[in-house]
Every structure is written in C-alpha cells, then in structure tokens.
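Step one of this worksheet: look at the structure below.
The values are calculated or read from the model by the stated rules, or taken from the named source; none is laboratory data. Since we're looking at a predicted model, the values are computed, not measured. Note that we place each Cβ from the backbone using ideal geometry, even for glycine, and neighbour counts take in every protein chain shown. Keep in mind that these areas ignore ligands, DNA and RNA; they rest on the heavy atoms of the full protein, side chains included. Shrake-Rupley method; radii C 1.70, N 1.55, O 1.52, S 1.80 Å.
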Amino acid sequence: MKITAGVKSRKEAEYFLANGADEVYCGLVSLRNNRLPRENFSGPEDLRPVLELAHRAGKKVFVAVNELVREAEHPETLRTLAALKDMGADGAILRDPALLTYFKKKKFKFYFTLSTLANCFNSKTLGFFAKLGLSRLVLPMQLMPENAERLIKNRYGLDTEVFCQALYYGVNLDSLCTLPCPQTSENFSKKFTDFTCLLPYACGKDIFRMPMPPPEYMFGAFYDYYHLGAGHAKVARWPNILREIDLFQKVRLLVKLLEKGVSRKLFIHEGLRIDAKPMQYGKSFTLKSLAG
Amino acid sequence: MEKVLLLSPWQAEQAGPKALAGFDAVMTGSEFCQNELPSAKAAAALAGAAGNFILATPLMTDKALGGWERFVRKNRSLLAEVVVNDWGFAGFLRTQRGLKISAGRLMMRELALLAPAWAKDFIRRHNILRGEADRPDLAEAAKRLGLGVSWHGGYVFRAVTTYCPFENHFRAACALSCAGRTLKLTNRQLGQDLFLAANAYFSKQTKKVPASAARQVFRPAGSGPA
C-alpha cells in the first residue's frame, strides 16, 4: 500500500518524501480547493522544486482542485493544470463533474483522481464519474469496507485510495456540512478553534456528542480495506503539521504491519497500542506549518 | 401554491386519510438516510389517499441501492415524482421513462455551484423538473436553472452522517430506532440549536417562503425535521 501525504510547503514535501511517502499532493492558491489560501502553494513556480525533488526520488506529485469550480474559471484551470502537467505534475484531484466534462471536451488528458468530497458511495455513481475520465477514486471517509467492495474491485480498473479512518475520521460528510468549522472559514476559525462537530451539546439532561465509531472498529476497517485491495492510504493536508507528521508516522507503522501479514486481531491490538485515543484529533487544527 | 406533506416512513405507516387532507401530494422516504425506504403497503395507501405520491431518496451505498431501485420498479405506477440526491441513482431513474424528478436538497447544493450550462444539460437529460430548497440561494439557483422551486419550511439541513447516531453502525439495515425521535442539541458557541433526526442535523428555518416557490413542503404539526 502506497502512502499519499498532503503538503502545504516545500519543506513539508521534503519531510514526507524523505520519510516514506510515495506521493504528495498540494493545492495552489489559483486552483479552487478545500483548504484556506495560506495552506496552498502560491503558484506553479512555487511547486517546481517539489516536482524536481519528488521525481529525483521516483515519487509523484498531485494537485488538488477538489472543490466545485465556476464555469468562468474552467479555461484558466485548464491552462494552469496543462502548465503543471508540462512541468511534470503527475495528476490532479477533482470532484467537479462539469470540470471533468470540460476537460474531456477539450481533450485534456491527465491522471485524474476523484476526490473524497465527490461522495461516491456506490458503483453507479462511480460509473457516472468514471466515464468522464478517471484514473483513481478516493473513497468517502464515511464509507466503510463492508459497503465498498464494488468500488474497490471496480470494473473501470481504477486505483482506490482510502483514509486511515482509525486515526482521522470526519463525523459528517465534509462537502455537504454547513456547520461552522475552522476548515472552511478564516472568520469562523477565530470563534471556532475546534471542529463544531466535536463540541458537547446539551440534550435534555444529557450531554450529546456526534457519534463516531469506536477505534477497534476503525482499525478493523483499515485492515479490511487493505485486504480488499485499496492501493493507497491518504494522510490529508492538516493545518497543524506536527499533528500531520504524527498521523503520517502512525499510518506508516500500520501499513508495515499490514504488509507483514499480521492477523486482523493482532492488527487491531497493535493499532490500539500505536494510538489508544485516535479520535481525539480536535484541538490540532490551529495552523502550524513547516514554511519554505 | 402546491402543498406537500412530508412524512417519515414511520409516520407514513400510520398516516390516515385525515392527515393528508388539504395537501396536493404526500412525500415519504428520506433525502438523508438510506434505511428509510417506505413499505410498498404504505406507499400504496398514501398514493391512494393523497393522489400524488412522491418518493424522497438519499445518497446510498451499493447494498442499499438495489432496494431503492426495486421499490421504484415495483411501484412505478404509484409514483408521481422522485426526489433524487445521488448521482448514480439519478442515472437509474433516467431509465424509468416519463418519471418526473426533483433535485433533492443535497443535489441542489451541488447544482447551485456547478457550471450552469453543464447543470442545465444534466437537468434536461434526467427529466428534472423541480429543485428542493431550504435556503434562499438554493431557491434562486433552482429558478436560474429553470426548475420549479419546492420550498422546505420548518428546518434547514446542516449536516449528514453515515454512522447512525441512534444505533451506532453503518449498516444498510436497522431497527428504525430513530422513529419518532428528534433530539434538540444546544451549545452556546453555535448560537442556534441543532435538531437531530435520523442521521441528519438541522437548524430552525428563519427565512420566509421565497416568491419563486411553486410548492411548499410541510411536516406534520409538532413533528421533527426529517
């Protein structure tokens, strides 16, 4: 299983590529993606050293355009991606069917990955997107292997990429969530330093927290994804780089265990030893990056 | 303005003709939870009593998809309209000739932001005639795209999960533990209460019915959002 890590700067790319990532991905300020501008590269030239570094090591770089893109921005998005392709970028991560249709019409071919934000939960939805020219699918974070077999063993020959949900799980479907969140707005981040989906809510006389599956279940899910044939594990771009490095190192350990062929029971046991409280990721969303 | 009564499948099982009085159509199923497939018996009873029966459908996994497809095939003659939120299921509905489709509240959130020319082509090819809206911008988008506006008063959709908050699982089958339950959730930071019904979170609707609305969707008095 290959590991894909999100990066916000050249230094972060250097770190992950030197420490076992097979691929990195990032955003550019000029390309719509689901991170704040400060978490993106400034432009294609800013990315050039990362492309050179990755390719010297035989590794890959992808660019995220994983939001819906305004029609007026389609031509410029195409020009930017074509320039990045010429510079050696290996592909783009998208979710917009209209943009994919535009690229197809313009005969622009690239290694396109369907973002988790496209909410592709079934094989018919995959068919809808696949005909637009995909090479890889990132499964929704809220889809579990018990429901994903037909997507992983898909008839389009697409690679599949999964999150290590045991370590990082979104409570609600990201692209459809309108609760205030530090991920989506600079303004809200002053008020909401944490995910609002992790807040305690008064519910009658009780305290309610939006439920998450238990860690044992999620470690088991990662094990099952590997054995179903998911080829890539994704460590998402995270504002706090120390937290992302921690996640990345834990994913590496877990992938090593899987590649050793440990049993499901042992994998869950070891997973819980690696991170006993994996879901407590909340307060780590404050921006801390490796600049450069 | 056309009036539609939205019932959960659980309410649909119990609704008598009296409950439907004054409405032009009844809508059941769910835009959010794949396990809220109504029974064929309830569908037949509702269609008979209300005249127009609308099926609301959610995002769905492969395991749930088959059940929803079977329901549509078997009850095709009862269906006045289907509300769709899943791109893949929309493709299936396209094969059901002549079936009227409405873009659901989740799909409208996408169509509102997608390139208009592409969205209009998608709408045409899938026989989508209406858009479900619970925010003014969605109503405006529906109008802009040439769709009839179907306005949901009462509550606004905020978030949806696939992990059942009432039964704690991801399965495409359940004991309907959410039936008849709405949890009011309060946190002062948020500034407004949330309401959990089935697997979705809502806040209270504060906007007036837009002038463009051709249809209004109501919930039974005292009932929760989903």
Take the Cα coordinates of region A:131-173, assign each an equal point scatterer, and use the Debye formula without solvent to give log10 I(q)/I(0) at q = 0.19, 0.20, 0.22, 0.24 Å⁻¹. -0.61, -0.67, -0.77, -0.88
Work out, in µm²/s and without decimals, the Stokes-Einstein translational diffusion coefficient of region B:1-42 at 4 °C, 1.567 mPa s, Rh from Kirkwood over C-alpha pairs. 120 µm²/s
Residues whose built amide H sits under 5 Å from the amide H of B:His169, excluding neighbours closer than 5 in sequence, are B:Cys164
For chain B, list the DSSP H helices whose alpha carbon atoms reach 24 Å or more along the long axis and whose average Kyte-Doolittle value is 1.6 or above? none
Calculate the mean, over all residues of peptide A:91-100, of how many other protein chain Cβ atoms lie within 10 angstrom of the residue's Cβ. 3
Rotationally averaged projected area of chain A (alpha carbon convex hull; nm²): 15.6 nm²
Alpha-carbon spread of region B:114-212, three principal axes, descending order, Å: 41, 33, 23
Taking only the alpha carbons of region B:163-209, the radius of gyration and the largest Cα-Cα distance, Dmax, both in angstrom, are 13.1, 37
What is the helix-to-structure angle for A:241-260, meaning the angle in degrees between its Cα long axis and the longest Cα principal axis of chain A, kept from 0 to 90 and rounded to the nearest 10? 80 degrees
What three numbers, in Å, describe the spread of the alpha carbons of region B:59-178 along their principal axes, ordered from the longest? 41, 32, 24
Accessible solvent surface per residue of the protein assembly as shown, calculated while the other protein chains remain in place, 1.4 angstrom probe, Å²: 40 Å²
Do any trypsin sites (Lys or Arg not before Pro) in region B:179-211 lie in a loop, going by DSSP, with at most 11 other beta-carbon atoms within 10 Å of their beta carbon, and if so which? B:Lys208
Taking all pairs of distinct alpha-carbon atoms in region A:46-171, Kirkwood radius in angstrom: 15.4 Å
Mean separation of Cα contacts under 8 Å (6+ apart) over length of region B:122-226, as relative contact order %: 31 percent
So for R0 = 25 Å, FRET eff. of A:His269-A:Asn240 from the Cβ-Cβ r, to 0.05, ends up at 0.30
All alpha-carbon distances of region B:16-81, grouped into 10 Å bins from 0, give the whole-percent distribution 22, 53, 22, 3
Per the Kirkwood formula over distinct C-alpha pairs, the hydrodynamic radius of region A:13-104 in angstrom is 13.4 Å
Filtered hits (lysines, Cα-Cα < 25 Å from A:Lys250, offset >= 8 within chain) -> A:Lys2, A:Lys8, A:Lys11, A:Lys59, A:Lys60, A:Lys234, A:Lys260, A:Lys265, A:Lys277, A:Lys283, A:Lys288
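DSSP beta bridges in chain B, what fraction antiparallel, as a percent rounded to 5?
Around 30 percent antiparallel, to the nearest 5.
What does the convex hull of the alpha-carbon atoms of chain B project to on average, in nm²?
11.9 nm²
Which order do A:Tyr25, A:Tyr111 take by accessible area at a 1.4 Å probe, largest first?
A:Tyr111, A:Tyr25
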Shielding score for B:153-163, defined as the mean number of other chain Cβ atoms within 10 Å: 5
Determine how many Å³ per residue the convex hull of the Cα atoms of region A:1-62 encloses. 73 Å³
Evaluated at q = 0.19 Å⁻¹: base-10 log I(q)/I(0), Debye formula over Cα of region B:47-104: -0.62
Going Cα to Cα from B:Lys120, which lysines come in below 29 Å? Please leave out same-chain ones fewer than 8 positions away. A:Lys104, A:Lys105, A:Lys106, A:Lys107, A:Lys109, A:Lys124, A:Lys131, B:Lys3, B:Lys100, B:Lys143, B:Lys207, B:Lys208
In whole percent, the Cα-Cα distances of region A:136-267 spread across 10 Å bins from 0 upward as 11, 35, 34, 17, 3, 0
Consider just the alpha-carbon atoms of the protein assembly as shown and return their Rg together with their Dmax, both in angstrom. 22.9, 74
